[in-house]
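Asker: Have a look at the structure that comes next, please.
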Amino acid sequence: MDCDARVFPKKSCSVIDTAKPYLLNQVAVQANEIDTNPNILMGALRGLGELGLLALRVPRHWGGKEVSEATFGEFQELIARYSGALAFLQTQHQSAASMLVASSNSPVRETYLPRMGNGEVLVGVGFSQLRREGEPLTMAVPVPGGYQLDGIVPWVTGWGIFQDFIVAATLPDGCAVFGVVPFHETEQKSGGRITFTSPAQLAAMTSTNTVTATLTRYFLPQELVIDIKTVGWIHENDKNNVLRATFLATGCALAALDIIESTAQTKSLPAIAKSFVSLQQELSDCRNAIHQAQQHPGLELEKKLQLRAWAIDLATRIAHAAVTVSSGAANYLHHPAQRVYREALVFTVTGQTSAVMEATLERLTRRWGEEEEVGTRRQGDKGNGEEAGNFLAAYKSITYSQIIHLSHVIDSDIPQWQGDPNVEFETVAELEKDGYYLRRFSLGEHSATHINAPKSFHKFGLGIDRYPAKSLVVPAVVINIKQQVTVNPDYTLAIADILAWEKQHGEIPPDSVVLLYTGWQEKWSDRTAFMNQDAQGNMHFPGFGKDVIQFLLNERQIAGVGIDTHGVDPGQDTTFAINSLVLEKPRIVLENLTNLDQLPPKGATLVIGILRLRDGSGSPVGVIALS
């Protein structure tokens, strides 16, 4: 997709669009080698630098991308999906860049930040020891012109890869000084020195070269001091960022899910396909819940910890399932399932605090059938997707002044897609004869006003019966393109239309369904006009463009789309590209809607009544709007 700066002023979509092909084509194919070989890992990191992706949270004037927290989380998840080692290593560098941005030391910022985004300078971090209770492991004493540092830094990642790292040491008053030091054996003229152990033999990601640093009377000059943090700073920072590490865990879970999906295609065991669907749904619920939590910074810490623990639990369980379906081959050290399982163990304890440990243990020690704190589903249920939970229920309320039907009346002469079964009614009981009136009816799953499910376009996609009830009550926005369609019936919604709408109504809220009012609903009573076929049998009606769908999914995190035509794909598109993109996950796709002209541009809530057809590719729906 062409992410022109005029169209994407934040350029955040270009981060994901740029990273994904590189990760798929260059990183995923050598993920096992990246896990064990520091040189190959270094090459993969340099590749990210060549793409300008190593300073995502750095302002543009310092050479960064200045992406949103949501986009950064998506990026972290994406890298973790294809290489845990690369994800872990670049996270250290991204964290160092963020610390430098926050520093008041302008010369240090000018020296480092412009060269960090492209990887010209690579910087690690070494301050996790501040979390430890008891006597500080690294001490700092003020001396003329700076600080003298003594002690050990037990965990510094990137030996032989990063040139420098940011170290932290505790001052006599309990505060902590942060500064830049060389990441190589160093001896100063004053006698101060830094030494390092050999890289630790870790169970996973050995290529990241994690070492222990020892500082002996090392002099940190004032000009290399980044910041002085208050007593307890790291604990407050951990609380504020408790959700950030969840994306490494969910990325690992996605990697394991990829293995299960691939195995399901080669081993014809229904249990594998069933487990894939179930785990995919739960992971989708978890990721949606995390995203919703990001939108509510005031959410209490306990709920955030529960989400972190859920992500960790899913990463280990799905990785275990990947090992299970891979059978004995997973015992080989370099099998993908073996690597991903070990990565899940690393991400279990990454950035761990005592509170994260407690939440994780509570999650892992639940009894079978015990009710979830985070949600309402019990372990014994068949995975109805309810575990996304009610932890945000306090934030959800619906107020409205009118209730509007958005579904057409179903009759035997409604417009039908070519090849769809006819709508038929048959009387099976009459009032006069049987004491009651009853009909049998039949119609296709995609007839009348209907919803499409992933199963319609993806082999292992969910059926409509697996949609959680919570996903069927959603906020909606309405974009009116009737004027454009009057001139051009093949009009497709463009990104410029979105930006123009947002200029007037504000940015489209996350988790909204974007409804497209084209005026086509007025043709419903005329089957020929509604399908609008030309002499060659090609249909002509408006729809969503591919670029705009990618923008809405990546940049606005929408819950789905709807339209008053027979398809969200424009009539001339025979590939169903829009449906396929939207339904890569269990999202909403509504077609043949009506009364969209009665809705406000923003502020309506949709209540979507489905028929829970087992393994259904979709369902006729009764859609009601509250506005």
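The values are calculated or read from the model by the stated rules, or taken from the named source; none is laboratory data. What you are looking at is a predicted structure, and each value in this text was computed from that prediction instead of being measured. All Cβ positions, even for glycine, are placed from backbone atoms using ideal geometry, and neighbour counts span all protein chains on display. Side chains are part of the model used for accessible areas, which takes the heavy atoms of the whole protein and leaves out ligands, DNA and RNA. Shrake-Rupley method; radii C 1.70, N 1.55, O 1.52, S 1.80 Å.
Asker: Which of the residues that make up region 511-551 are among the small types (Gly, Ala, Ser), in contact with a helix residue (DSSP H, G or I) (Cβ under 7 Å, 6 or more places away or on another chain) and crowded, with 18+ Cβ neighbours inside 10 Å?
Answerer: Across region 511-551, the qualifying residues are GLY519, GLY543.
Asker: Please work out if VAL180 is surrounded by fewer than 21 Cβ atoms within 10 Å (Cβ to Cβ) and either without any contact (Cβ under 8 Å) to a residue 12 or more places away in the chain or part of a strand (DSSP E or B) (or both).
Answerer: no
Asker: Hey, could you check region 124-135 for residues that are open to solvent by less than 70 Å² (accessible area, probe 1.4 Å) and under 37 Å from the mean Cα position of the chain (by Cα) and say which is nearest to ALA355 (Cα to Cα)? Let's see the steps before the verdict.
Answerer: First pass over region 124-135, keeping only residues open to solvent by less than 70 Å² (accessible area, probe 1.4 Å): 124-131, 134.
Keeping just the survivors that are under 37 Å from the mean Cα position of the chain (by Cα) gives 124-131.
Numbers: GLY124: 25, VAL125: 22, GLY126: 21, PHE127: 18, SER128: 15, GLN129: 16, LEU130: 15, ARG131: 12 Å.
Filtering first and then ranking leaves ARG131.
Asker: Answer yes or no as to whether GLY124 is of a type in the set (Gly, Ala, Ser) and assigned to a strand (DSSP E or B).
Answerer: On the way: of a type in the set (Gly, Ala, Ser): yes; assigned to a strand (DSSP E or B): yes.
Criteria met by GLY124.
Asker: Sticking with this structure for a sec: Within region 313-320, can one find any residue that is crowded, with 19+ Cβ neighbours inside 10 Å, among the charged types (D, E, K, R) and in contact (Cβ under 8 Å) with a residue 60 or more places away in the chain?
Answerer: We begin by selecting, within region 313-320, every residue crowded, with 19+ Cβ neighbours inside 10 Å; these are 313-316, 318-319.
From what's left, among the charged types (D, E, K, R): 313.
Next, only the ones that are in contact (Cβ under 8 Å) with a residue 60 or more places away in the chain stay: none.
No, region 313-320 contains no residue that is crowded, with 19+ Cβ neighbours inside 10 Å, among the charged types (D, E, K, R) and in contact (Cβ under 8 Å) with a residue 60 or more places away in the chain.
Asker: Can you say whether PRO489 is in a loop (DSSP other than H, G, I, E, B) and either out of contact with any Cys (no Cβ under 6 Å at 6 or more places or on another chain) or modelled with pLDDT of 95 or more (or both), as far as the supplied structure shows?
Answerer: Yes: the conditions hold for PRO489.
Asker: In region 280-291, is there at least one residue being over 26 Å from PRO509 (Cβ atoms) and either basic (Lys, Arg) or open to solvent by less than 10 Å² (accessible area, probe 1.4 Å) (or both)?
Answerer: no
Asker: Quick check on my filter: what residues within region 325-349 are in contact with a helix residue (DSSP H, G or I) (Cβ under 6 Å, 6 or more places away or on another chain), under 29 Å from LYS239 (Cβ atoms) and of a type outside the set (A, V, I, L, M, F, W, C)?
Answerer: GLU343, THR348
Conditions (1) more than 16 Å from VAL474 (Cβ to Cβ); (2) open to solvent by 40 Å² or more (accessible area, probe 1.4 Å), marked per residue:
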position	(1), (2)
THR575	yes, yes
ASN579	yes, no
GLU584	yes, yes
THR594	yes, no
ASP597	yes, yes
ILE608	no, no
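Asker: Which numbered condition trips up GLN416, out of (1) touching a residue at least 24 places away in the same chain (Cβ under 8 Å); (2) assigned by the TED database to the domain that holds PRO510; (3) part of a loop (DSSP other than H, G, I, E, B)?
Answerer: (2)
Asker: Note down all Cβ pairs under 6 Å where the first residue falls in region 218-239 and is within 17 Å of ARG193 (Cα to Cα), the second is aromatic (Phe, Trp, Tyr) and surrounded by fewer than 19 Cβ atoms within 10 Å (Cβ to Cβ), and they're at least six residues apart or on different chains.
Answerer: none
Asker: Consider LEU516 against the criteria (1) modelled with pLDDT of 95 or more; (2) assigned to a loop (DSSP other than H, G, I, E, B): it satisfies all of them except one. Which criterion is unmet?
Answerer: Result: LEU516 fails condition (2) only.
Asker: While we're looking at this one, here's another question. In region 480-489, which residues are of a type outside the set (S, T, N, Q) and open to solvent by 50 Å² or more (accessible area, probe 1.4 Å)?
Answerer: Of all residues in region 480-489, those of a type outside the set (S, T, N, Q) come to 481-482, 485, 487, 489.
If the condition is that a residue be of a type outside the set (S, T, N, Q) and open to solvent by 50 Å² or more (accessible area, probe 1.4 Å), then LYS482, VAL487 are the ones that fit.
Asker: Also, quick follow-up: Identify all residues within region 243-264 that are under 15 Å from PHE460 (Cα atoms) and touching a residue at least 60 places away in the same chain (Cβ under 8 Å); write none if there are none. It would help to see each step written out before you state the result.
Answerer: Filtering region 243-264 for residues under 15 Å from PHE460 (Cα atoms) gives 254, 257-264.
Correct list: LEU254, LEU257, ASP258, ILE259, ILE260, GLU261, THR263, ALA264.
Asker: Here's another thing I want to ask about it. So if I check each of GLY562, GLY567, GLY571, which one is under 28 Å from SER284 (Cα atoms), small (Gly, Ala, Ser), open to solvent by less than 20 Å² (accessible area, probe 1.4 Å) and at pLDDT below 95?
Answerer: Exactly one residue qualifies, and that residue is GLY567.
Asker: Considering region 136-149 alone, what residues qualify as being in contact (Cβ under 8 Å) with a residue 40 or more places away in the chain and surrounded by fewer than 16 Cβ atoms within 10 Å (Cβ to Cβ)? Quick ask: steps written out before the conclusion?
Answerer: Residues of region 136-149 that are in contact (Cβ under 8 Å) with a residue 40 or more places away in the chain, as a first pass: 138, 140, 143, 145-149.
Scanning region 136-149 gives VAL143, GLY145.
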